[in-house]
């Protein structure tokens, strides 16, 4: 299993498949979480989704996105933004509390350091899903995201 690389200093940049939507994150992530819920499997066509959680004030993007409101298994409503041209999921936030932005880590330009420090909905994980030994593993959705942020801080300082 690959070693965890140090997290580079911000800013972090990324974007969609076609390049129309670009984003910048000007602060260190608060968490790097993998979600194994059925919705995330369907929306990615994969075993899970990996998300950076960042403060909204540190996030900006350019390019046209289409928004889709989805009620998650947790009951939270998500405002999911995809590139208007290629359909890549670029970010989302909770419709009630917009303090945090969730960014799929595979959309980062430099993603070699992005290894999840927490996993949620692990009871729904695919049999071939990889979860590092040092990552926190949670059944279902945690009541709040502090446990995800604590896991990130424990591993990366």
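Out of all the residues in the stretch 79-107, which are assigned to a strand (DSSP E or B) and more than 18 Å from residue 64 (Cα to Cα)?
Pass one, the stretch 79-107, residues assigned to a strand (DSSP E or B): 79-83, 89-94, 100-104.
Within the stretch 79-107, 94, 100 qualify.
Across the stretch 32-57, what is the total count of residues that are in a helix (DSSP H, G or I) and either at pLDDT 95 or above or out of contact with any helix residue (DSSP H, G or I) (no Cβ under 7 Å at 6 or more places or on another chain) (or both)? Step through it out loud before you land on a result.
Restricting attention to the stretch 32-57, the residues satisfying the condition of being in a helix (DSSP H, G or I) are 38-44, 56-57.
Retained after the next criterion (residues that are either at pLDDT 95 or above or out of contact with any helix residue (DSSP H, G or I) (no Cβ under 7 Å at 6 or more places or on another chain) (or both)): 39-44, 56-57.
The qualifying residues number 8.
Kindly list the number of the only condition in (1) under 19 Å from residue 35 (Cβ atoms); (2) in contact (Cβ under 8 Å) with a residue 40 or more places away in the chain; (3) outside any strand (DSSP E or B) that fails for residue 110.
Checking residue 110 against (1) under 19 Å from residue 35 (Cβ atoms); (2) in contact (Cβ under 8 Å) with a residue 40 or more places away in the chain; (3) outside any strand (DSSP E or B), the one that fails is (1).
Condition check ((1) assigned to a loop (DSSP other than H, G, I, E, B); (2) within 29 Å of residue 13 (Cβ to Cβ)) across all residues:
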residue	(1), (2)
114	yes, yes
119	no, yes
128	yes, no
134	yes, yes
140	yes, no
147	no, yes
153	no, yes
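Conditions first: (1) assigned to a loop (DSSP other than H, G, I, E, B); (2) touching a residue at least 12 places away in the same chain (Cβ under 8 Å); (3) under 20 Å from residue 100 (Cα atoms). Residue 23 passes all but one, so which condition is the exception?
Checking residue 23 against (1) assigned to a loop (DSSP other than H, G, I, E, B); (2) touching a residue at least 12 places away in the same chain (Cβ under 8 Å); (3) under 20 Å from residue 100 (Cα atoms), the one that fails is (1).
Please enumerate the residues belonging to the stretch 1-20 that are without any contact (Cβ under 8 Å) to a residue 24 or more places away in the chain and in contact with a strand residue (DSSP E or B) (Cβ under 7 Å, 6 or more places away or on another chain).
Of all residues in the stretch 1-20, those without any contact (Cβ under 8 Å) to a residue 24 or more places away in the chain come to 3, 9, 11, 19.
Selection gives 11 alone.
The values are calculated or read from the model by the stated rules, or taken from the named source; none is laboratory data. Since the model is a prediction, treat every value here as computed from it, not as a measurement. Neighbour counts are summed over all protein chains in view; Cβ atoms, including those assigned to glycine, are modelled from backbone coordinates with ideal geometry.
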